[in-house]
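The values are calculated or read from the model by the stated rules, or taken from the named source; none is laboratory data. This one's a predicted model, so the numbers in the text were calculated from it and none came from an experiment. Note that each Cβ is placed from the backbone with ideal geometry, even for glycine, and that neighbours are counted across all protein chains shown.
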Amino acid sequence: MEALGEHSLALWNAGRPEDSFGAWEEGVEGLLAARDQRPSWTQTFLAFPHAAGYFSGMSLWGKVPNPDFAIPKPGLFLALDNMPVEKYQPIQDGLLSQISQRQN
């Protein structure tokens, strides 16, 4: 799933937002299907809504609404050791799934 997250960022940065959303959606679907309790799953999960927030803000407004928002950079999905697992809330599963389904 990390590779699909990275691929979505690379496609976005290459000016290919539709392809980026496709890779992002595939990553979300695979991640939700492979759910487990390991911290690495949770950290990867948390990176996907973070990227979605960036993609949404840029698509809708041409910028992120919060100037303190950390713009996802290449390598985000490969360096998740510092992603705080305590930020995960189970409701995020459904929200992420809904966002993924709306991209179709």
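Data for the structure
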quantity	calculated
Long-range neighbours under 9 Å by Cβ, at least six apart or interchain, first residue at pLDDT 85 or above within region 78-89, second among the acidic types (Asp, Glu)	78/2; 78/6; 80/2
Scan of region 57-69 for residues that are of a type in the set (S, T, N, Q) and within 12 Å of residue 20 (Cβ to Cβ), ordered by number	59
Flag for residue 95 being more than 20 Å from residue 38 (Cα to Cα) and at pLDDT below 85	yes
Residue match in region 37-51 (condition: within 15 Å of residue 88 (Cβ to Cβ) and not in a helix (DSSP H, G or I))	yes
Residue, surrounded by the fewest Cβ atoms within 10 Å (Cβ to Cβ), within region 65-84, restricted to residues that are of a type outside the set (S, T, N, Q) and over 26 Å from residue 41 (Cα atoms)	67
Residue in region 61-74 that is of a type in the set (A, V, I, L, M), under 22 Å from residue 14 (Cα atoms) and assigned to a helix (DSSP H, G or I) present	no
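Residues are listed down the side, and each one gets a yes or a no for (1) small (Gly, Ala, Ser); (2) under 15 Å from the mean Cα position of the chain (by Cα); (3) at pLDDT 85 or above; (4) within 18 Å of residue 1 (Cβ to Cβ):
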position	(1), (2), (3), (4)
38	no, no, yes, yes
46	no, yes, yes, yes
59	yes, yes, yes, no
63	no, no, yes, no
72	no, yes, yes, yes
76	no, yes, yes, yes
99	no, yes, no, yes
